[in-house]
Amino acid sequence: MRNTGNTILITGGGSGIGEALARRLHDAGNTVIISGRRHDALERAIAGRAQMHAVTVDMDDPASIAAMVERVLTDHPTLNVLVNNAGIMRFETLDRKRDLADAEATISTNLLGPIRLIDALVEHLSAQPESAIVNVTSGLAFVPLTATATYSATKAAIHSYTESLRAELKGRVEVIELAPPGVQTDLTPGQSTRPGYMPLDAFADEIMQIWSTTPTPPELLVQNVRFLRDAERENRFAETLVTLNERAKAAREAGRS
């Protein structure tokens with residue numbers, strides 16, 4: 001993927017990882033369109049930045065996705081890069097019957113949302129020069145956080161979907177996976193200051209260094225996520241599962257004290 005001169009759509013670009021990457025990609029000389037549910041957050045993110053634009057979308061709603069795609073392609077027909085970053089993360093209790101609304105919303109937003117958006121844009125992107133799809137997954141795609149089981153499962157599914165997409169679009173659209181570790185954002189309550197999570201700016205800076213490598217790696221992985229990404233291939237999945245979940249629980253409890 002070329003580093004500059006792109007027209008890039010980033011979902012979930014009004015805060016967190018999406019906003020941090022959007023600003024850095026804009027600084028690198030790209031036209032950037034960010035999307036999300038909250039108009040105020042989007043407007044704040046693009047304030048004072050020429051060639052940075054915002055459009056609202058509900059990634060849980062197929063009609064909203066279709067309307068966004070129509071607007072973006074009308075206003076930005078040179079769109080050649082899609083970054084699927086939007087997602088939600090909810091804590092769950094698995095050992096008793098419960099209301100599955102959070103699990104169903106997580107699947108709809110994190111899994112069906114990107115699939116629907118890719119489907120709406122794949123023919124357009126296939127016709128664009130130097131096009132790319134970047135799917136943001138998670139280190140939890142490779143070792144799950146049991147307290148957020150559905151979130152972890154959706155990220156594992158997007159990892160698998162990305163592998164299939166890369167094979168099917170070879171030679172037409174570059175397909176890249178970006179798998180963050182735990183990063184200090186507002187994805188879950190208290191996470192922005194949670195001990196042991198990677199500072200957002202440090203994460204975004206390291207990702208941009210990797211992203212600028214030629215050729216772009218098929219997986220964008222900061223060093224902090226290797227503990228999870230490489231667990232199975234290094235035959236330490238079982239112990240990593242225990243360690244991850246013990247550390248995460250301790251960090252959450254420390255944040256509450």
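What follows is calculated from the coordinates using simple rules that are stated; it is not laboratory data. This one's a predicted model, so the numbers in the text were calculated from it and none came from an experiment. Here the Cβ positions follow ideal geometry from the backbone for every residue, glycine too, while neighbour counts run over all protein chains shown.
Distance from the Cα centre of the stretch 195-257 to that of the stretch 26-50, in angstrom?
26 Å
Return the sequence-ordered ³J(HN,Hα) values of the stretch 169-179 in whole Hz as given by the Karplus equation 6.51 cos²θ - 1.76 cosθ + 1.60 applied to θ = phi - 60°, using x for Gly and Pro.
9, 3, x, 10, 9, 6, 10, 10, 10, 10, 10
Determine the calculated [θ] at 222 nm for the chain from helices alone, applying -39500 (n - 2.57) to every DSSP H run no shorter than 4 residues and normalising by the residue count; nearest 500 deg cm²/dmol.
Helices in the chain give a 222 nm mean residue ellipticity of -13500 deg cm²/dmol.
Out of the stretch 54-148, which trypsin sites (Lys or Arg not before Pro) are coil in DSSP terms and have no more than 11 other C-beta atoms within 10 Å? If you can, show how the numbers build up before the last one.
Working: sites: R71, R90, R96, K97, R98, R116; in loops: R90, R96, K97, R98.
In loop regions of the stretch 54-148 (DSSP not H, G, I, E or B), the sparsely surrounded trypsin sites (Lys or Arg not before Pro) are R96, K97, R98.
With the contact rule set at Cα under 8 Å and sequence spacing of 6 or more, what percent relative contact order holds for the stretch 7-256?
17 percent
Out of all Cα-Cα pairs in the stretch 34-153, roughly what percent, to the nearest whole number, are more than 21 Å apart?
46 percent
Could you put D99, D27 in order, starting from the residue whose Cβ has the fewest other Cβ atoms within 10 Å?
By the 10 Å Cβ count, ascending: D99, D27.
Which angle from 0 to 90°, rounded to the nearest 10, does the C-alpha axis of helix 200-211 make with the longest principal axis of the chain?
So the inclination is approximately 60 degrees.
For V83, list long-range residues whose amide hydrogen, built 1.01 Å from N in the peptide plane, is under 5 Å from its own amide hydrogen.
L9, I10, T11, V134
Find out how many positive minus negative residues lie around I88, taking Lys and Arg as positive, Asp and Glu as negative, among other residues whose Cβ is under 15 Å from that of I88.
Net charge around I88: -3.
Counting only the backbone N, which residues of the stretch 62-84 are under 20 Å from the spot 7 Å out from the Cα of A127 toward its beta-carbon?
66-83
Using modelled amide H (1.01 Å from N, peptide plane; none on Pro or chain starts), what sits under 5 Å from the amide H of V175, excluding residues fewer than 5 places away?
Amide H neighbours of V175, under 5 Å, 5+ apart: I133.
Reachable aspartates and glutamates from K170, Cα under 18 Å, same-chain residues fewer than 8 places away excluded?
In chain and number order, the partners are D119, E123, E130, E219.
Which value in nm describes the separation of the simple spin-label points at D119 and A251, placed 7 Å from the Cα toward the beta carbon?
3.4 nm
Measure nothing but the geometry: give the 0 to 90° angle between the long axis through the Cα atoms of 149-168 and the longest principal axis through the Cα atoms of the chain, rounded to 10°.
Roughly 40 degrees between the two axes.
Cβ under 13 Å from I133's Cβ, I133 left aside: what net charge do those residues give with Lys, Arg +1 and Asp, Glu -1?
-4
Show me, for the stretch 231-239, the HN-Hα J-couplings you get by feeding each phi into the Karplus relation (A = 6.51, B = -1.76, C = 1.60, θ = phi - 60°), rounded to Hz, glycine and proline as x.
4, 5, 5, 9, 6, 9, 4, 4, 6
Name the residues whose placed amide hydrogens come within less than 5 Å of the amide hydrogen of V183, ignoring near sequence neighbours (fewer than 5 apart) on the same chain.
Residues meeting the amide H criterion: M198.
Below 8 Å between Cα atoms, with a sequence gap of 6+, how large is the relative contact order for the stretch 157-235 in percent? Don't skip to the end; give the middle numbers.
Working: 69 pairs, mean separation 21.3, N = 79.
Computed over the stretch 157-235, the figure is 27 percent.
Through the Karplus equation 6.51 cos²θ - 1.76 cosθ + 1.60, θ set to phi - 60°, convert the phi angles of the stretch 16-30 into ³J(HN,Hα) values in whole Hz; use x for Gly and Pro.
x, 4, x, 5, 4, 6, 4, 5, 5, 5, 5, 4, 7, x, 10
Under the 0.36 nm per residue contour assumption, what length would be gained going from the current alpha-carbon distance of E219 and E43 to full extension?
60.3 nm
What angle do you read, to the nearest 10 degrees and between 0 and 90, between the alpha-carbon axis of helix 62-75 and the longest principal axis of the chain?
Between the helix axis and the principal axis of the chain, the angle is about 40 degrees.
Kindly list the residues of the stretch 177-194 that lie in the label zone of R98, defined by a backbone N under 16 Å from the point 7 Å along the Cα-to-C-beta vector.
The answer is 188-189.
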